[in-house]
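K.L.:
One structure follows; several queries about it will come next.
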Amino acid sequence: MSSTKYTTPEQIAEMRRELLHEKHKLHKLQGQDLSWKSRLPSGKSMIQLSSWIVFSALVLLLVTSIISINLAKNRGEIPNIWGFQLFSVESGSMEPTLPIGSLIVSRIPKEPGSLTIGDIVTFRTISGIIVTHRIIEVIFNYDGTVAYRTKGDNPKNSPDPELLTEDRVIGLLVAKIPLT
Amino acid sequence: MMNLPEHVVFMEKVQSVEHIVHQGKEPQRVLKEISLLIRRGQVWGFNGSSRLEVKLLLEIIANIRPYNSGRCVLIERGMPQHKRIILNHVFYIGSSEMMYNNMNVLEFLMFVTAKSKINKVELQEQIFEFLIDSGLGHISLTSNNLLTQEEKAVILLTAAAYSNSLIIVFNLPEYEFDEILVPAIAKIAAWISQKGKTIILGTTDCLLIEKACSHTGILFNGKIIYADTVEDFRQKFDKVEVIVSDKNIIAMMDILAILLPDHKLSIKNNRLMISRSGSAESDPGMIYQMITSFGWIPERLEVNPKTVQNAYEELIQQHDL
């Protein structure tokens, strides 16, 4: 900053020289840019392109999900998106692991006959009710088939009276979404 | 260029909230029935017998003062009577204390134009050269705290010129600009006008109006008594045709009073002013011939260039009577 009141012609000339020098540097840089950088999209346009792709993918996912859910409902099946299903917990049999009102994400197991103790499975009971309980015992039958003994995590619960056969397994717990 | 509205300020019978009290008289509104139309790209200079009136009018125009009644439209948008906010499209300069003192002039202008998309080196060069071109090179790198309030005001006007605001209100009628700053203001105002923006100056300096403005508005006793172009104002009200300078000016006036019965003669600053009376046009050549035919060559005789100052004095005199 100038210490005198008025800017002198020397200071003006010096400032002009400085600006000219900076401009030369700038033009040099711009020239270099043209060699390779300018061929690439700028950072801003890359961000815009990525945002557009992400947004389009999300919209596509939403639309396909809605269509597949409606189709499954019409066929009386449990709706799933790419093998993943969503259930809501309506009873306290799995408390405190799965509180009432929480959502669980299950996937259809590739081999329902090779589940292990501790897995939390969603299955259909003989009477047709959908239940999510934990496997506490794996029973190998003489004919080579497998059955599972299940039980809710709630300490008040006793093991389920009927054994679970692999054909009634709907899904294996992947994640829970505690909404309450 | 942006698609800017044509009518920038429209006022119809606007009355101020503020009153003025004269001893022994009823309080009167400071501004009464102000009607005005300011178009895009015009440079207006408002002058008047009272700085308060000028200041108040520009404050109402800038939407920072309420008005009592009438209609006021700014950039084709109605201004609420009682809600006072500085609008985005108005750059208001009501004081020169808005500048940061820890910077120099160029640094300050770079700071206020930081949002500009122009490359900073090029912008800095542009601003620096603009300052020099406007005759402000001598303060272009001066620390802000060393500037006078008038110099600061002109720098703020430069900042306004670089802003996106469509209207710039330069409301400093109490400031006195010198012979360096007046042409600088004129230059900046011309540039602002070129960009299609409107600038409204409040001033008591007739020379500033003459040099910088395309239009002028004159306030007298709270009313606008003239609002039109500066050129028209000069031609209409500065009736002095010829100015004569001589040692024997009084004797000459007596003789010329006989020779030019259709003219009005007066002495001002030891100079004889010969004015036309009424609206009749007069010929300076004919006046010169008449003087010389009498066998008398004055020391100096000049055709009056018609100034805003003379026109203003004449207009005020007419209304004062």
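K.L.:
With all protein chains present and a 1.4 Å probe, how do B:H319, A:H24 order by accessible area, largest first?
P.N.:
A:H24, B:H319
K.L.:
May I pose another question? How large is the dipole of the stretch A:23-180 about the Cα centre if only Lys and Arg carry +1 and Asp and Glu carry -1, each at its Cβ, rounded to the nearest 20 debye?
P.N.:
1460
K.L.:
Grab the Cα-Cα distance for B:N145 and B:K195, subtract it from 0.36 nm times how many residues apart they are, and report the gain in nm with one decimal.
P.N.:
The span from B:N145 to B:K195 would gain 15.0 nm if fully extended.
K.L.:
Considering the alpha-carbon set of the stretch A:105-157 alone, what are its Rg and its Dmax in angstrom?
P.N.:
Reported Rg and Dmax, both Å: 11.6, 34.
K.L.:
B:K223: which lysines have alpha carbons under 21 Å from its alpha carbon, excluding same-chain residues fewer than 8 sequence positions away?
P.N.:
Of all the lysines, those that pass the test against B:K223 - Cα under 21 Å, at least 8 places apart if same chain - are B:K13, B:K25, B:K32, B:K55, B:K236.
K.L.:
Return the average number of partner chain Cβ atoms within 10 angstrom of each residue Cβ along peptide B:122-129.
P.N.:
3
K.L.:
Additional query: For the stretch B:113-162, give the magnitude of the charge dipole about the Cα centre (Cβ charges: +1 Lys/Arg, -1 Asp/Glu; no others), in debye to the nearest 20.
P.N.:
280
K.L.:
Something else now. Return the FRET efficiency for the residue pair B:K223, A:E10: r is the Cβ-Cβ distance, R0 is 45 Å, and the value is rounded to the nearest 0.05.
P.N.:
That gives a FRET efficiency of 0.25.
K.L.:
Which whole-number percent gives the relative contact order of the stretch A:79-130, counting Cα pairs below 8 Å spaced six or more residues apart?
P.N.:
28
K.L.:
Cross-link candidates for A:K151: which aspartates and glutamates have Cα within less than 15 Å, leaving aside residues fewer than 8 places away along the same chain?
P.N.:
By straight Cα distance, A:K151 reaches A:E95, A:D119, A:E137, A:D160, A:E162.
K.L.:
Counting helices only, and only those DSSP H runs with n ≥ 4, report the 222 nm mean residue ellipticity of chain A as the sum of -39,500 (n - 2.57) divided by its residues, in deg cm²/dmol to the nearest 500.
P.N.:
The helix contribution divided over chain A gives -12000 deg cm²/dmol.
K.L.:
Can you say what percent of the DSSP beta bridges in the protein assembly as shown, counting only those with both residues inside, are antiparallel? Round to 5.
P.N.:
Antiparallel bridges make up about 80 percent of those DSSP assigns within the protein assembly as shown.
K.L.:
Only Cα pairs under 8 Å and at least 6 apart count here; give the relative contact order of chain A as a rounded whole percent.
P.N.:
18
K.L.:
Could you check what % of the DSSP bridge pairs in the stretch B:136-240 are antiparallel, to the nearest 5?
P.N.:
Around 55 percent of the beta bridges assigned by DSSP in the stretch B:136-240 are antiparallel ones.
K.L.:
Over 20 Å intervals from 0, what percent of Cα-Cα pairs in chain B sits in each interval?
P.N.:
Going from the shortest bin to the longest, the percentages are 29, 48, 22, 1.
K.L.:
In addition: Arrange the peptides A:158-171, B:155-168 so that the one whose residues have, on average, the most other Cβ atoms within 10 Å appears first.
P.N.:
B:155-168, A:158-171
K.L.:
Next question. Would you mind giving the average projected area, over all directions, of the Cα convex hull of the stretch A:81-177 in nm² with one decimal?
P.N.:
6.2
K.L.:
To continue, here is another question. Between B:I255 and B:V303, take the C-beta separation as r, use R0 = 22 Å, and let me know the FRET efficiency to the nearest 0.05.
P.N.:
Result of the calculation: an efficiency of 0.60.
K.L.:
Taking the 0 to 90 degree range and rounding to the nearest ten, how far is the long axis of helix A:43-74 tilted relative to the main principal axis of chain A, both from C-alpha atoms?
P.N.:
Orientation of helix A:43-74: about 20 degrees from the principal axis.
K.L.:
Considering the Cα trace of the protein assembly as shown, what is its radius of gyration and what is Dmax, both in angstroms?
P.N.:
For the protein assembly as shown, the Cα-based Rg and Dmax read 41.9, 149 Å.
K.L.:
Per-residue counts of other Cβ atoms within 10 Å, averaged by peptide: what ranking do you get for B:178-184, A:140-146, B:241-247, highest first?
P.N.:
By packing density, highest mean first, the sequence is B:241-247, B:178-184, A:140-146.
K.L.:
To one decimal place, what Kirkwood hydrodynamic radius in Å is obtained for the stretch B:100-146 from all pairs of distinct Cα atoms?
P.N.:
After inverting the pairwise mean of 1/r, the radius is 10.8 Å.
K.L.:
Taking the Cα centre of the protein assembly as shown as origin, work out the dipole magnitude from +1 charges on Lys and Arg Cβ and -1 charges on Asp and Glu Cβ, in debye rounded to 20.
P.N.:
1140
K.L.:
Follow-up. Ballpark to the nearest 100 Å², how much total accessible area do B and A bury together, probe 1.4 Å?
P.N.:
Using a 1.4 Å probe on protein heavy atoms, the buried area is about 1600 Å².
K.L.:
Along the charge dipole of chain B, pointing to its positive end and built from +1/-1 on Cβ of Lys, Arg, Asp and Glu, which listed residue (B:I188, B:S116, B:I132) has its Cα farthest out?
P.N.:
It is B:S116.
K.L.:
So how far apart, in nm, are the two label points at A:R107 and A:L20 if each is 7 Å from Cα heading toward Cβ?
P.N.:
Those two pseudo-labels are separated by 6.9 nm.
K.L.:
Also, quick follow-up: Can you check what the net charge comes to around A:G83, using other residues whose Cβ is under 15 Å from the Cβ of A:G83 (Lys, Arg +1; Asp, Glu -1)?
P.N.:
Around A:G83, the charge tally is 0.
K.L.:
Which whole-number value in Å² is the accessible area per residue of the stretch B:239-305, probe 1.4 Å?
P.N.:
On a per-residue basis, the stretch B:239-305 sits at 60 Å².
K.L.:
For the stretch A:44-131, which whole percent of the accessible surface, found with a 1.4 angstrom probe, sits on carbon and sulfur atoms?
P.N.:
Result for the stretch A:44-131: 69 percent of the exposed heavy-atom area is carbon or sulfur.
K.L.:
To continue, here is another question. Can you tell me the order of B:216-228, A:117-129, A:98-110 when each peptide is scored by its average per-residue count of other Cβ atoms within 10 angstrom, highest first?
P.N.:
B:216-228, A:98-110, A:117-129
K.L.:
If each DSSP helix of 4+ residues adds -39,500 (n - 2.57) and the sum is divided by the residues in chain B, what number results at 222 nm, nearest 500 deg cm²/dmol?
P.N.:
After summing the helix terms and dividing by the residues of chain B, the value is -10500 deg cm²/dmol.
K.L.:
Still on this structure, please answer the following. Listed here are the pairs A:K25/B:K197; B:K117/B:K187; B:K195/B:K239; which of them are more than 30 Å apart at the Cα?
P.N.:
A:K25/B:K197; B:K195/B:K239
K.L.:
Peptide B:138-151: average number of partner chain Cβ atoms within 10 Å per residue?
P.N.:
Counting Cβ atoms of other protein chains within 10 Å of each residue's Cβ and averaging gives 4.
K.L.:
Provide Rg over Rh for the stretch B:239-305; use the alpha carbon set for both Rg and the Kirkwood Rh (inverse mean inverse pair distance).
P.N.:
For the stretch B:239-305, the value is 0.91.
K.L.:
On to the next question. In the stretch B:180-321, with Lys and Arg counted as +1 and Asp and Glu as -1 at Cβ, which of these residues, B:N248, B:A212, B:L301, has the Cα nearest the positive end of the dipole, that is, farthest along it?
P.N.:
The Cα lying farthest towards the positive end belongs to B:A212.
K.L.:
How much length, in nm to one decimal, is gained on full extension between A:Q48 and A:I100, taken as 0.36 nm per residue of separation minus their Cα-Cα distance?
P.N.:
14.5 nm is the gain from fully extending A:Q48 to A:I100.
The values are calculated or read from the model by the stated rules, or taken from the named source; none is laboratory data. Keep in mind that this is a model prediction, so the values were computed, not measured. Cβ atoms come from the backbone with ideal geometry, glycine included; neighbour counts cover every protein chain shown. The area values use the complete protein model at the heavy-atom level, side chains included, leaving out ligands, DNA and RNA. Shrake-Rupley method; radii C 1.70, N 1.55, O 1.52, S 1.80 Å.
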